[in-house]
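For reference, the structure discussed in these notes is given below.
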Amino acid sequence: MQNQYSNKMKSIGGYLELQLSRGEEFYPSLIKLNTGRNAFEYILKVKRYKLVHIPYYTCEVMLEPLKKLGVQFQYYTIDENMDPVLDFEVGPDDGLLYTNYFGLKQDTVIRLSKLFENLIVDNSQAFFSEPLEGVDTFYSCRKFFGVPDGAYLQCTSDVRLKLEKDVSVDRFSHLIKSIDMGIESGYEDFIVNNVVLSNNPIRKMSSLSQSILSGIDYKACKYRRNSNFMYLHDFLESYNDYSFDASSVNGPMIYPLLISSTEIRNKLFEKRIYVATYWPNVLEWTTKKMYEYYLTTHLIAIPIDHRYTHSEMKRILNVLKTIL
Ligand SMILES: Cc1ncc(COP(=O)(O)O)c(C=O)c1O
């Protein structure tokens, strides 16, 4: 289905349009949708799960589709490796949602896929981790690239939903402002544009987001992420309470530094180095004794994305060295 802005026959002439590079998307053959949470909704609609097991350690927007469709859910805990504590049964009509945390948990995704037929992989934090054959998997593009929205879905059911195409022009202001006025000037718009993504119907990915995603040099983006990540890891490994296998990093989302000190976040903020909290809602869902609560309050998500080189990583390390 088209939206009111899609014409059947293209006009010729008129003013010149915004010119973006034309290449290939990273997942050209997956289903293109508007948001990660709606990709989850798509899975729930076609798979008709009666109950879904979800981690305490995730973003609250993942509850939107469950509540909307009236699907029951049960939280589960994760251990110090961020693997599920499998002390519960996953029945034949149940789904098991697992987040590929920071793009570092592909081994766990592979292990779980062998144990559970009804696995749903949330790769919102793992754009570059390819979907496993036969496993429902979704991606949220705005966590990795400057797009207002956009999601990819691998859905193992043959059922397809008929959907209208989304229009994301009204959620685009922060991205334009970031170019013309600097990223901090666009921050308020970013917050507002985030909020309007809530309770949006499932739609196909907008032409705007798809055009931008078609012009990205994915190889270069992945390379920079890996390189920045390893640069930080070389120094931070011995301080990091979260231990992980760094031998196979694959374009991770951030560098997760877990540390008992609570002053790091503010120190970085003072130097205009901004780190996100994953996820504030976890503090409401859990008790102070739970590992997820500790992760939310103590994990420093250091930016390592394609905008940066070792020079910014060095600046971050210089701040950290005054505290560690
Ligand atoms: C782990 C995780 N999964 C899914 C989502 C939802 O993605 P979207 O905002 O594209 O719906 C988010 C955040 O928004 C997230 O942090």
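Could you look through the range 307-318, keep only residues that are under 22 Å from the mean Cα position of the chain (by Cα) and surrounded by fewer than 19 Cβ atoms within 10 Å (Cβ to Cβ), and pick out the one that is nearest to Gly146 (Cα to Cα)?
Applying the first criterion (under 22 Å from the mean Cα position of the chain (by Cα)) to the range 307-318 yields 307-309, 313.
From the residues that got through so far, the ones that are surrounded by fewer than 19 Cβ atoms within 10 Å (Cβ to Cβ) too are 307-309.
Numbers: Arg307: 11, Tyr308: 14, Thr309: 18 Å.
Step by step, filter the range 307-318, then rank; the result is Arg307.
What number goes with the only condition from (1) closer than 22 Å to Gln210 by Cβ; (2) charged (D, E, K, R); (3) free of Cβ contacts under 8 Å to residues at least 40 places away in the same chain; (4) surrounded by fewer than 20 Cβ atoms within 10 Å (Cβ to Cβ) that Glu164 does not pass?
(3) is the only condition that Glu164 fails.
Looking at the structure I just gave you, is Lys10 under 22 Å from the mean Cα position of the chain (by Cα) and of a type in the set (D, E, K, R)?
No.
Only one residue in Phe145, Phe116 is more than 9 Å from the ligand (Cβ to nearest atom) and under 14 Å from the mean Cα position of the chain (by Cα). Which one?
On the way: Phe116 fails: under 14 Å from the mean Cα position of the chain (by Cα).
Within the list Phe145, Phe116, the selection yields Phe145.
Applying the selection to the range 15-67, what residues are more than 14 Å from the ligand (Cβ to nearest atom) and acidic (Asp, Glu)?
Glu17, Glu24, Glu25
Tell me which of these Arg48 doesn't satisfy, since it passes every other one: (1) at positive phi; (2) under 21 Å from the mean Cα position of the chain (by Cα).
Among (1) at positive phi; (2) under 21 Å from the mean Cα position of the chain (by Cα), Arg48 violates only (2).
Of these, Met230, Met253, which one is surrounded by 12 or more Cβ atoms within 10 Å (Cβ to Cβ), modelled with pLDDT of 95 or more, more than 16 Å from the ligand (Cβ to nearest atom) and not polar (S, T, N, Q)?
Exactly one residue qualifies, and that residue is Met230.
Of all residues in the range 73-112, which are assigned to a loop (DSSP other than H, G, I, E, B), within 14 Å of the ligand (Cβ to nearest atom) and of a type in the set (A, V, I, L, M, F, W, C)? Write out each step before concluding.
Step one: list which residues in the range 73-112 are assigned to a loop (DSSP other than H, G, I, E, B), which gives 77, 79-83, 85-93, 100, 104-105.
Narrowing the set further to residues that are within 14 Å of the ligand (Cβ to nearest atom) leaves 82, 100, 104-105.
Answer for the range 73-112, where residues must be assigned to a loop (DSSP other than H, G, I, E, B), within 14 Å of the ligand (Cβ to nearest atom) and of a type in the set (A, V, I, L, M, F, W, C): Met82, Leu104.
Would you mind stating whether Glu188 is part of a helix (DSSP H, G or I), assigned by TED's automatic domain parsing to the domain that holds Lys47, surrounded by fewer than 17 Cβ atoms within 10 Å (Cβ to Cβ) and free of Cβ contacts under 8 Å to residues at least 24 places away in the same chain?
Criteria met by Glu188.
For the range 113-152, which residues satisfy the criterion of being of a type in the set (Gly, Ala, Ser) and part of a loop (DSSP other than H, G, I, E, B)? Outline the logic, then answer.
Taking the range 113-152 first, the residues of a type in the set (Gly, Ala, Ser) are 113, 124, 126, 129, 134, 140, 146, 150-151.
Those that are of a type in the set (Gly, Ala, Ser) and part of a loop (DSSP other than H, G, I, E, B): Ser124, Ala126, Ser129, Gly134, Gly146, Gly150.
Residues Thr287, Thr262, Thr297: which one is touching a residue at least 24 places away in the same chain (Cβ under 8 Å), outside any helix (DSSP H, G or I), surrounded by fewer than 15 Cβ atoms within 10 Å (Cβ to Cβ) and among the β-branched types (Val, Ile, Thr)?
Within the list Thr287, Thr262, Thr297, the selection yields Thr262.
The values are calculated or read from the model by the stated rules, or taken from the named source; none is laboratory data. Computed from a prediction, not measured in an experiment: that's the story for all the values here. All Cβ positions, even for glycine, are placed from backbone atoms using ideal geometry, and neighbour counts span all protein chains on display.
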